[in-house]
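Values in this text are rule-based calculations from the coordinates and carry no lab data. All of these numbers come straight from a predicted model, not from anything done at the bench. Positions of Cβ are generated from backbone atoms using ideal geometry, with glycine treated the same way; all protein chains shown enter the neighbour counts.
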Amino acid sequence: MATEADVLKALAGVKDPELGRDIVSLHMVEGVKVEGGRVTFVLNLTTPACPLRTRLEESARSAVEGIPGVKQVEMKTGSVVFATRDYSDAEMLMGVKNIIAVASGKGGVGKSTIAVNLAVALAASGAKVGILDADVYGPNIPLMMGIRAPPEVRDERVIPPVAHGAKVASLGFFYNEETPVIWRGPLVAGAVRQLLTQVEWGELDYLVVDLPPGTGDSALTLAQTVPLGGVLIVTTPQDAALNIAAKALAMFRRLNVPILGVVENMSYFVCPHCGEKSYIFSKGGGRKIAAERDVDFLGEIPLGIAVREHSDAGTPIVAAMPDSRESLVYKELAFRVAGMVSIVAFSKMKK
Ligand SMILES: Nc1ncnc2c1ncn2[C@@H]1O[C@H](COP(=O)(O)OP(=O)(O)O)[C@@H](O)[C@H]1O
Ligand SMILES: [Mg+2]
């Protein structure tokens, strides 16, 4: 007859392939019960957007099925998201487990589009998600998320509206379009701090922050004010974009922000008639700078007319057409980013 100890022992033989440690010591197994030949337990993933979900589920199940005397295995999969910051006792952003910055060297590379689709994809996986628009030069996340009305303010705190499953706050909520575009350093720092302190986020697994392009005061203030779970660097394939993306990457590295990886946007165009991929702006640049800087390359996003159309209409493509080719690419990116954040959280835990 199998016992609970046998089950835990068998599951301790299953490793999380990304974290390289067994799922029992990672506290991913919960509620083991054995009744006769029937075993029930919960497998808690480190993120609902787990890129290795199926593989882990299969390994855990077959480990338990292999125990002599076990006839039936009832495994439920849940998640308890790992945190990269001390969220329960934080002065700012209390309750927010992970802050993910999205940065680029240049503007117009699709950073905001990636940020919104990342947020929507993470939310669709079951995570609690917020998106913070810290782009002082063009806060357009509310438009991309279809938010038209100003947010509710209660006791001087901004209640972020929810769109497509994610809570949204933007510098645009505080400053209207007539606000001068010449932002000086201290003003930017103040505005970013205001966003970090005055928005009522509640509990979040991930807060995605859309930064302005470049290496300016917003990025600096954010990285120096709250511990970031990591930064995703967005580039396009052209040399000019790549060079300045590399500069942004170097800046975050100097600030000790974990680099989650590089993603290349507008990598290729798929001919709607014959399906052939054309690498309009040359090929392989994003992968190359990632390799040279020893960071992960997280993928190529195709140019797609629907991506722009849905953004302009206020429904990111991942929400509007979740099964389209482009959405699948964004979702895979989101899962890889979530996986990277779990790895960062785990490395912090060990220290
Ligand atoms: N993969 C893509 N395919 C087609 N259009 C895109 C893609 N990514 C971004 N765009 C469009 O390019 C423009 C710039 O994107 P945006 O996300 O605003 O860039 P950034 O935030 O870097 O300035 C927008 O009109 C957006 O809809
Ligand atoms: Mg933008």
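Structure above, values below:
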read-out: Qualifying GluC sites (Glu not before Pro) for region 36-106 [loop in DSSP, other Cβ within 10 Å: at most 12]; value: E91
read-out: Of L19, L211, L132, the one that fluctuates the most in a GNM where the chain has Cα springs shorter than 10 Å; value: L19
read-out: Region 73-161: trypsin sites (Lys or Arg not before Pro) in DSSP loop, at most 12 other beta carbons within 10 Å; value: R148
read-out: A313 paired with E91, simple spin-label distance in nm, labels 7 Å along Cα-to-beta-carbon; value: 4.6
read-out: Highest-MSF residue in the chain out of I131, I147, I114 [GNM, Cα springs under 10 Å]; value: I147
read-out: Entries of K111/K277; K128/K283; K76/K277; K15/K351; K33/K331 with Cα pairs more than 30 Å apart; value: K128/K283; K76/K277; K33/K331
read-out: Positive-pole candidate from V270, P213, F281, dipole of the chain, charges at beta carbon; value: F281
read-out: Theoretical gain in end-to-end length, D294 to N243 [0.36 nm per residue, Cα-Cα removed]; value: 16.8 nm
read-out: Share of alpha-carbon pairs per 5 Å distance bin for region 4-79, given as whole %; value: 3, 17, 33, 26, 13, 6, 1
read-out: Helix-only CD estimate at 222 nm, as mean residue ellipticity for the chain, using -39500 (n - 2.57) per DSSP H run (n ≥ 4); value: -11000 deg cm²/dmol
read-out: Shape box of the chain [Cα atoms, principal axes, largest first, Å]; value: 74, 57, 37
read-out: Linear extension gain, I159 paired with E58, 0.36 nm per residue minus alpha-carbon span; value: 32.3 nm
read-out: √(5λ) per eigenvalue of the Cα gyration tensor, region 111-256, largest first, Å; value: 23, 19, 15
read-out: At R0 = 25 Å, FRET efficiency that the Cβ-Cβ distance of N256 and R287 yields, to 0.05; value: 0.50
read-out: The chain, dipole about Cα centre (Lys/Arg Cβ +1, Asp/Glu Cβ -1), debye to the nearest 20; value: 680
read-out: For the chain, built as a Gaussian network whose Cα springs stay under 10 Å, the top-fluctuating residue of G172, G126, G185; value: G185
read-out: Gain in span if fully extended, T77 to Y279, counting 0.36 nm per residue against the direct Cα distance; value: 68.7 nm
